[in-house]
Amino acid sequence: MSALKILVTGGAGFIGSSLCERLVAEGHSVLAYDSLFRGSESNLSAVQDHPHFQFMQGDVRDIDRLDDAIEHLGGVELIFHLAAVNGTKWFHEAAHSVIDVNINGTLRTLELAMAHNARYVLASSPEAFGEALQQPIQNGNDMSFTDPSLHQRHSYGASKYLDEVACQHAARDGLDVRIVRPFNAYGPRLLGDEYGQVVAMFFQAILSKEPIQLHNGGLQTRSFTWIDDIVEGFILAGLQENSLNGESLSGCALNIGATEEITIRTLQETIFSIVSSDASWENELPEVEVVDGYHGDVLRRLPDCSQAELFVGWKSITTLQQGLLRMWTSLR
Ligand SMILES: NC(=O)c1ccc[n+]([C@@H]2O[C@H](COP(=O)([O-])OP(=O)(O)OC[C@H]3O[C@@H](n4cnc5c(N)ncnc54)[C@H](O)[C@@H]3O)[C@@H](O)[C@H]2O)c1
């Protein structure tokens, strides 16, 4: 495929920065656009001096700034829209901003894609299915949300649901739109602070010798997907012209996730066993505290990725054991 001009919103974030690295390595011209609300320029240190890479700080709701970004890039042929307020603690604490950034950011970037006739890839989420009563999660399942007076966690999931509605509407109007739903991506740049995500939070607790918290007994299950596999999913979904069977990919929604279903308790135990077998780590493992009453935490989140395999040939290839070991080695 010839080199493309590509805008990556949320490009300084966890997934966005790895995606930028890969796109630049494949010869594309890339502009990473990010408010730095949660991402950082240091995530982009591997590409920052590359002649085909640019970074611009800006808000994804700011159309004038987005226009500047496209001018700097010299046009745009593909938009990966990853900018969003992510991190579970924010969903409860800052529901208004989560809804504002996630929905308006998607509407503005879809309009940008339409104005330039650029292909558009949305980073959605399995949380678009809300409480996800049917498993595995696949297209056609009910998307259901609980009473917002109980908790506001679904500020995130419901915003991703509306993002998908907006994308499907744009696809119906003729824009080439693809939707990717990553399932619990993890890797060395994942944030492990109190606004972070579980794998990094567990490692962070070990490194800073603080107790690990298991919400609701740690019995909920997730599918943890190594960052390189996630990036490969975005690349295939965004850069492939058509599906492997020759049909248009516009309007497709692809689950990108490992199919190993793991309880959070098993995740914690696996991480402890990896750290214990590291002879160079002499510190004691932290205490494990069980915290109850954590709202809106779905019991299972298991993907059906058959469409990703069928349409673009994607499959997760990294086992949890391999990925956690790589992450621990890198964090050390
Ligand atoms: N990490 C996962 O497991 C996962 C799972 C499902 C979906 N996703 C989605 O994938 C995308 C990337 O996730 P991530 O894990 O890299 O999260 P992240 O928080 O690391 O990246 C999101 C980026 O968006 C930026 N951002 C936030 N508000 C912005 C604004 N108003 N304007 C411009 N930039 C803004 C942040 O600074 C951050 O760098 C997000 O859309 C997220 O919802 C991630």
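Table for the structure above
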{"read-out": "Relative contact order computed over segment 65-211 (Cα-Cα under 8 Å; 6+ residues apart), in percent", "value": "26 percent"}
{"read-out": "Dipole of the chain, positive direction: furthest Cα of Gly257, Ile99, Ser243, with charges on the beta-carbon", "value": "Ser243"}
{"read-out": "Sum of side-chain charges, Ala258 neighbourhood, beta-carbon under 15 Å (Lys, Arg +1; Asp, Glu -1)", "value": "-1"}
{"read-out": "Extreme residue, positive dipole direction of the chain, given options Ile70, His151, Val298 (C-beta unit charges)", "value": "Val298"}
{"read-out": "Dipole magnitude of the chain about its Cα centre (Cβ charges: Lys, Arg +1; Asp, Glu -1), debye to nearest 20", "value": "300 debye"}
{"read-out": "Value of relative contact order over segment 190-332, rounded to a whole percent, pairs C-alpha under 8 Å and six or more apart", "value": "38 percent"}
{"read-out": "Estimated dipole of segment 1-88 in Debye, rounded to 20 [Cβ of Lys and Arg +1, of Asp and Glu -1, Cα centre]", "value": "260 debye"}
{"read-out": "For q = 0.10, 0.18, 0.20 Å⁻¹, Debye-computed log10 I/I(0) when each Cα of segment 225-332 counts as one equal scatterer", "value": "-0.43, -0.97, -1.07"}
{"read-out": "Qualifying trypsin sites (Lys or Arg not before Pro) in segment 147-226, DSSP loop, other Cβ atoms within 10 Å at most 11", "value": "Lys209"}
{"read-out": "Gap separating the Cα centres of segment 17-33 and segment 144-185, nearest whole Å", "value": "25 Å"}
{"read-out": "Cross-link reach list, lysines versus Lys160, counting only Cα pairs under 29 Å and skipping chain neighbours closer than eight places", "value": "Lys5, Lys89, Lys315"}
{"read-out": "Percent RCO, i.e. relative contact order, over the chain, from Cα pairs under 8 Å lying at least 6 residues apart", "value": "17 percent"}
{"read-out": "Value at 222 nm in deg cm²/dmol, rounded to 500, when DSSP H runs of n ≥ 4 in the chain each add -39,500 (n - 2.57)", "value": "-11000 deg cm²/dmol"}
{"read-out": "Charge tally in the Cβ shell below 13 Å around Ala308, where Lys, Arg are +1 and Asp, Glu are -1, Ala308 excluded", "value": "-1"}
{"read-out": "Footprinting exposure proxy for Thr329, Thr270 (fewest neighbouring C-beta atoms within 10 Å first)", "value": "Thr329, Thr270"}
{"read-out": "DSSP bridge orientation in segment 161-309 - percent antiparallel, rounded to nearest 5", "value": "20 percent"}
{"read-out": "Most positive-pole-ward Cα, Gln213, Gln322, Val47, against dipole of the chain from beta carbon charges", "value": "Gln322"}
{"read-out": "Förster radius 25 Å - calculated FRET efficiency between Gln240 and Ile317 (Cβ-Cβ, nearest 0.05)", "value": "0.90"}
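Read the figures in this text as sums done on the coordinates, not as results from a lab. Everything numeric in this text was worked out from a predicted model, so none of it was measured. Here Cβ is always computed from backbone atoms with ideal geometry, including for glycine, and neighbour counts include all displayed protein chains.
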